[in-house]
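Student: I'd like to ask you about the structure that follows.
FYI, it's all coordinate maths here, none of it is from the lab. Note that this is a predicted model, so its numbers are computed, not measured. Note that each Cβ is placed from the backbone with ideal geometry, even for glycine, and that neighbours are counted across all protein chains shown.
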Ligand code: DGL
């Protein structure tokens, strides 16, 4: 069996490209289409109803583009909308959630930090997972308010971002966390700054690789893998604002990826 249809990936903006990278790396023969809903970013401060509505809009666009599987490369959209999406569509849908479990299991200090959006931290799905794995752990949850906006405007390495991170990390450092969970797909782009600001030895965990492995497993179990490249499998990226920041973050020019503005 060989299915050459694309994998569809969406996020509230450019951040989900951190997940796309892992998928592309693990499954280089698969064609991918990425939707960056930057016009509506950030999702993290919107109501659940609005997040569901936006997630449906993005999913339908990807299905229109003939995608065989959808990856919700956004923790906020996953934790607020994935149930609705899975019950509305037959196409397999994979989501991303903060990696609380590995952090809680590995923490020797019994103190972990979770940096995520308000939408993720207040969701039912997050509360359930957290309850399951962190009973004996001090969990410092911090809303990353403002971070998505800075990354969306191309300022991921700026002084402004560094100063904001300093404030957000302070309660975690004070609580002597030994694991920091990145609960938003935008945040892996902050790893260089985070490494600078966190005390030595604090491990940073995100969920990108796990999502890529899950994508491979589902494609394989459902006989949806693409085993041979026929024609064009160059990754395609679409955004509903000026594509400059998206192009820069994925190094589109150097790599020859297709980036375009589209109304969706
Ligand atoms: N990348 C999204 C996430 O993983 C950011 C959400 C937002 O736009 O606030 O949660």
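Student: In the stretch 109-117, is there at least one residue being in a helix (DSSP H, G or I) and under 13 Å from the mean Cα position of the chain (by Cα)?
Tutor: no
Student: I need the full set of residues from the stretch 92-151 which are exposed (fewer than 15 other Cβ atoms within 10 Å of the Cβ), closer than 16 Å to residue 205 by Cα and out of contact with any strand residue (DSSP E or B) (no Cβ under 9 Å at 6 or more places or on another chain), in order please.
Tutor: Within the stretch 92-151, 105, 108 meet the criteria.
Student: Consider residue 198 carefully, then state whether it is touching a residue at least 12 places away in the same chain (Cβ under 8 Å), within 15 Å of the ligand (Cβ to nearest atom) and under 26 Å from residue 157 (Cα atoms).
Tutor: Taking the combined requirement at face value, the residue does not satisfy it.
Student: Based on what the data block shows, is residue 7 away from the ligand (no atom under 13 Å from the Cβ), touching a residue at least 40 places away in the same chain (Cβ under 8 Å) and either surrounded by fewer than 24 Cβ atoms within 10 Å (Cβ to Cβ) or under 26 Å from residue 149 (Cα atoms) (or both)?
Tutor: The answer is no for residue 7.
Student: Considering only residues that are more than 12 Å from the ligand (Cβ to nearest atom), surrounded by fewer than 19 Cβ atoms within 10 Å (Cβ to Cβ) and assigned to a helix (DSSP H, G or I), which ones fall in the stretch 10-47?
Tutor: Across the stretch 10-47, the qualifying residues are 21, 25, 26.
Student: Sticking with this one: Scan the stretch 71-86 and tell me whether some residue there is at positive phi and either within 16 Å of the ligand (Cβ to nearest atom) or touching a residue at least 12 places away in the same chain (Cβ under 8 Å) (or both).
Tutor: no
One line per residue, one yes/no per condition, for (1) in contact with a strand residue (DSSP E or B) (Cβ under 7 Å, 6 or more places away or on another chain); (2) within 26 Å of residue 95 (Cα to Cα):
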site	(1), (2)
166	no, no
176	yes, no
184	yes, yes
195	no, no
211	yes, yes
221	no, yes
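Student: Buried (at least 17 other Cβ atoms within 10 Å of the Cβ) and either on the phi > 0 side of the Ramachandran plot or part of a loop (DSSP other than H, G, I, E, B) (or both), is that true of residue 224?
Tutor: Yes, satisfied.
Student: For the subset of the stretch 169-187 comprising residues that are surrounded by fewer than 20 Cβ atoms within 10 Å (Cβ to Cβ) and in a helix (DSSP H, G or I), which member is farthest from the ligand (Cβ to nearest atom)?
Tutor: Here the residue is 174.
Student: Find the residue count for the stretch 48-59, including only residues that are away from the ligand (no atom under 13 Å from the Cβ) and either part of a loop (DSSP other than H, G, I, E, B) or free of Cβ contacts under 8 Å to residues at least 60 places away in the same chain (or both).
Tutor: Matching residues across the stretch 48-59 total 5.
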